[in-house]
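Before any comments, here is the structure.
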């Protein structure tokens, strides 16, 4: 078995290509006849046998013509991959149960189009067809199911083509060093009571929600729910978005604490509940913090804070 694995590693490059561009040369491309190509060869042999048996000069000419056509198709199938440059992109985070899409950028420096290319991951996901114009580039997103939280590594990718005749298949294996962060599957649950949360505090002044006190320029941490869209529209988009300010009230800081989840549940279920709390708190525009056994994040709000909280939950030790 070790000999077979070593042979596969040497033949099919079962090692990482890193995160840089990869150019397909003759040492990386493999080619074999397809089923249609094998039937084509059998048909040619039968025609050649008949031409020899009946001494048909035109039969010999037809067989040799078709054989030359097949060899020419094999050369063009190989050239459809040769010289392509593949560069890995960056995969956006997804939630467990969704499909991660790993972007790959293909560059064509030839004056001919690259048609009928297919990208397929080793995990059995459906193939991704792609064609690239002459002297241009293209992007293809390889789908990989994200079943569990944490880091998801991109499996080996098979880039193949049967263009132009379908008699031969040429392929190359790619193993770019790419991974995708998979957030926990969120579980809808009521947010904990702010008064019962540990270390919950109050902020007075601008953070209140009672008396309107004016407008101010929007900051990256502000929730879109607080944007004064009508007031911002009067400026015709020439100024930054405006956010309503309130005074005279108090805004409580919500602490999403691991100890507030039910003790009888499995750890993964408790993590899913906390992921649902993060999304609900962010949607409600609350200032929230996260407290888990391995990490603590201070109260804040905004997309970046939400991503940091979900990342902390995704990378929690099992």
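The values are calculated or read from the model by the stated rules, or taken from the named source; none is laboratory data. It should be emphasised that the depicted structure is a prediction, and the values quoted were computed from it without experimental measurement. Because the Cβ atoms are built from the backbone with ideal geometry, glycine has one as well, and the counts that use them run over all protein chains shown.
Given the criteria within 19 Å of residue 159 (Cα to Cα) and in contact (Cβ under 8 Å) with a residue 40 or more places away in the chain, does residue 73 qualify?
When the stated conditions are applied, residue 73 passes them.
Return yes or no: is residue 97 modelled with pLDDT under 95 and part of a strand (DSSP E or B)?
Judged against the criteria, residue 97 is not a match.
Of the numbered conditions (1) modelled with pLDDT under 95; (2) in contact with a strand residue (DSSP E or B) (Cβ under 8 Å, 6 or more places away or on another chain); (3) surrounded by 13 or more Cβ atoms within 10 Å (Cβ to Cβ), residue 90 satisfies every one except a single condition; which is it?
(3)
Here's a check for you: in the stretch 147-156, which residue that is surrounded by 20 or more Cβ atoms within 10 Å (Cβ to Cβ) and at pLDDT 95 or above is farthest from residue 17 (Cα to Cα)?
Going through the qualifying residues, I end up with 149.
Residue 81: surrounded by 15 or more Cβ atoms within 10 Å (Cβ to Cβ) and either assigned by TED's automatic domain parsing to the domain that holds residue 27 or in contact (Cβ under 8 Å) with a residue 12 or more places away in the chain (or both), yes or no?
Taking the combined requirement at face value, the residue satisfies it.
Assuming residue 288 fulfils every condition listed in (1) under 30 Å from residue 185 (Cα atoms); (2) in contact with a helix residue (DSSP H, G or I) (Cβ under 6 Å, 6 or more places away or on another chain); (3) modelled with pLDDT under 90 apart from one, which condition is it?
(3)
Considering only residues of the stretch 307-318 that are at pLDDT 95 or above and buried (at least 17 other Cβ atoms within 10 Å of the Cβ), which is nearest to residue 150 (Cα to Cα)?
The qualifying residue nearest to residue 150 (Cα to Cα) is 314.
Can you tell me which condition residue 217 does not meet? The list is (1) at pLDDT below 95; (2) not assigned by TED's automatic domain parsing to the domain that holds residue 306, and all the others hold.
Among (1) at pLDDT below 95; (2) not assigned by TED's automatic domain parsing to the domain that holds residue 306, residue 217 violates only (2).
Please determine, by comparing only the residues of the stretch 97-119 that are buried (at least 16 other Cβ atoms within 10 Å of the Cβ) and either within 13 Å of the chain's Cα centre (by Cα) or not assigned by TED's automatic domain parsing to the domain that holds residue 157 (or both), which one is farthest from residue 182 (Cα to Cα).
104
Quick one: would you say residue 176 is farther than 25 Å from residue 37 by Cβ and assigned by TED's automatic domain parsing to the domain that holds residue 94?
So residue 176 fits the description; yes.
Just to be sure, is residue 245 modelled with pLDDT under 90, farther than 19 Å from residue 305 by Cβ, in contact with a strand residue (DSSP E or B) (Cβ under 7 Å, 6 or more places away or on another chain) and part of a strand (DSSP E or B)?
Spelling it out, residue 245 is indeed modelled with pLDDT under 90, farther than 19 Å from residue 305 by Cβ, in contact with a strand residue (DSSP E or B) (Cβ under 7 Å, 6 or more places away or on another chain) and part of a strand (DSSP E or B).
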